[in-house]
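Right, one structure below, let's go through it.
The values are calculated or read from the model by the stated rules, or taken from the named source; none is laboratory data. Remember, it's a predicted structure, so these values are computed and weren't measured experimentally. Methodologically, a virtual Cβ is constructed for each residue, glycine included, from the backbone with ideal geometry; neighbour enumeration extends over all protein chains shown. With ligands, DNA and RNA removed, areas are computed over all heavy atoms of the protein, side chains included. Shrake-Rupley method; radii C 1.70, N 1.55, O 1.52, S 1.80 Å.
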Amino acid sequence: MPLIIAEFRFTPDVVGLVGASLVFGAVFGAGLGGPMADRLGRKKLMLADMIIISTGAATSALANGFPLLFIGQLLVGIGVGIDFPASSSYVSEVLPKRNRARMMVATIACQSVGMLLAAVIALLLLKNVHSAHTWRLFLATEGVIALLFFLLRLSEPDSPHWLMTRGRFTEAAQAFLRIMPEQREEVLQITGDPGNQGVATAIAPAKPGIAILFSRDYRARTMLVAIPWFLMDIATYGVGLFTPIILGAIDVSGKRGGVFTSDFTDARGSAAIDLFLLFGFLVGIWAVPRFGRIRMQAVGFAGMAFGMLVLMIAVSISNSPAGRHIPLVFAGFILFNLLMNAGPNSTTFTLAPILFPTQLRGTASGFAAGVAKIGATLGVFVLPILKGKFGVPAVLGMMAAVSVLGLVVTLAFGREDSE
């Protein structure tokens, strides 16, 4: 974003729109992708979304101004939004129950690997390609990676659980056998007789549509999977996407050069901070199965709020001599990232696939992700405006407030955490 701002002279409002286009697209992608994954199958959507991301990345890299950049990032967001319900439903349906909680956290933990890879690519480009178009090469890499995932996913079977809900027993048996060939006899016994009344009853489709998520049976679960994710994403995307800009505003280096020098310094600081996103997920992989999703989600929200308070203190003493505020800046960011990923960023992704049946899993996951990305859009769009008008402390205060609210909602609806 600093390089794009330098090239096109975007105002804070336009910066917010460009950043928000990515997550705004995810709102539509998740909202459409969830029901489509329940109707058309997980694999078809998991292939389509990678093509959409690649197309959006190419459009972004070739943009000559705001319109194409907005459209390109919107397409990337749509693809990402589709992948949330499609991939979370798929993973929850192909993993053995004994490892499901840990491996689902490991799935979303790959997000931090992507963030670190992005930081490394950005640093390499900034260091070795001294061009005003460096940001185009960076955006193009996401299209290349999406095409790689498209190729890798082609050979995977569709979800056997979804196939059974559609009455496609032969295909379900083949998918099961590819996933767990050592249980061939059990698989054939379950799927071999489409007329089996017990199986037919077990997979009877629920009433379709989002409305059922607000029925008495599912209302509390829907609140639990949607509202905390919404609040977390306000903070996650607001802070995460603009970490280099926030670092630049606080001035962690004590000296400023040209746009490339300052952006490299801020990107390097951002990369160091992003490393703790991975550490947080590693803690989550261990802690979530041990202590439970709700408990870790509550601890995570509390830690996020405390991290923002530490940053507010750092900002208040940023004019002190000898850079005394710098350790506090990194401590606040690290605490925020570590506990966010050990807590709500690990749990919100996994709750909907666990709490809803196969027939509603994609719809519920898509609704929750869509609501979450509305929060992300709000955070990304409001943050640069808030920063421009009221300064960094107002941004940090907003992030602390939404983190506390996430803690309250989690504790209020947390009784629904059962598999």
Next item on the list: Being over 19 Å from SER155 (Cβ atoms) and open to solvent by 80 Å² or more (accessible area, probe 1.4 Å) is the filter here, so list the residues in the range 171-185 that pass it.
Entry: GLU182, ARG184, GLU185
Margin query: Give all pairs with beta carbons closer than 7 Å in which a residue from the range 289-309 that is aromatic (Phe, Trp, Tyr) meets a residue that is in a loop (DSSP other than H, G, I, E, B) and surrounded by 24 or more Cβ atoms within 10 Å (Cβ to Cβ); count only pairs at least 6 apart in sequence or on separate chains.
Written below: PHE301/GLY343
Note to self: On the basis of being under 13 Å from LEU75 (Cβ atoms), assigned to a helix (DSSP H, G or I), open to solvent by less than 50 Å² (accessible area, probe 1.4 Å) and not hydroxyl-bearing (Ser, Thr, Tyr), does ASP49 make the cut?
What the structure shows: yes
Next item on the list: Could you pull out the residue among ALA314, ALA287 that is open to solvent by less than 10 Å² (accessible area, probe 1.4 Å) and under 18 Å from ALA109 (Cα atoms)?
Entry: ALA287
Check: Within the group GLU142, GLU156, which residue is over 20 Å from the mean Cα position of the chain (by Cα) and open to solvent by 40 Å² or more (accessible area, probe 1.4 Å)?
Finding: GLU156
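Suppose the filter is assigned to a helix (DSSP H, G or I), surrounded by fewer than 17 Cβ atoms within 10 Å (Cβ to Cβ) and at pLDDT 90 or above; does ALA220 pass it?
It is true that ALA220 is assigned to a helix (DSSP H, G or I), surrounded by fewer than 17 Cβ atoms within 10 Å (Cβ to Cβ) and at pLDDT 90 or above.
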Next item on the list: Using the structure shown, decide if SER54 is touching a Lys or Arg at 6+ places or on another chain (Cβ under 8 Å) and touching a residue at least 24 places away in the same chain (Cβ under 8 Å).
Entry: no
Margin query: Suppose we filter the range 57-70 for residues that are without any contact (Cβ under 8 Å) to a residue 24 or more places away in the chain, in a helix (DSSP H, G or I) and open to solvent by 50 Å² or more (accessible area, probe 1.4 Å); how many remain?
Written below: 2
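Does LEU123 meet the test of being part of a helix (DSSP H, G or I), within 30 Å of PRO344 (Cβ to Cβ), open to solvent by less than 50 Å² (accessible area, probe 1.4 Å) and not aromatic (Phe, Trp, Tyr)?
Considered against the rule, which asks whether it is part of a helix (DSSP H, G or I), within 30 Å of PRO344 (Cβ to Cβ), open to solvent by less than 50 Å² (accessible area, probe 1.4 Å) and not aromatic (Phe, Trp, Tyr), LEU123 comes out as yes.
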Check: Would a scan of the range 288-310 turn up a residue that is farther than 21 Å from PRO393 by Cα, modelled with pLDDT of 85 or more and not in a helix (DSSP H, G or I)?
Finding: yes
Check: Among the residues of the range 14-28, is any open to solvent by 30 Å² or more (accessible area, probe 1.4 Å), at pLDDT below 85 and outside any helix (DSSP H, G or I)?
Finding: no
Notebook entry, point to check: Quick one: in the range 150-163, which of the residues that are among the hydrophobic types (A, V, I, L, M, F, W, C) and in contact (Cβ under 8 Å) with a residue 40 or more places away in the chain is nearest to TYR90 (Cα to Cα)?
Noted result: TRP162
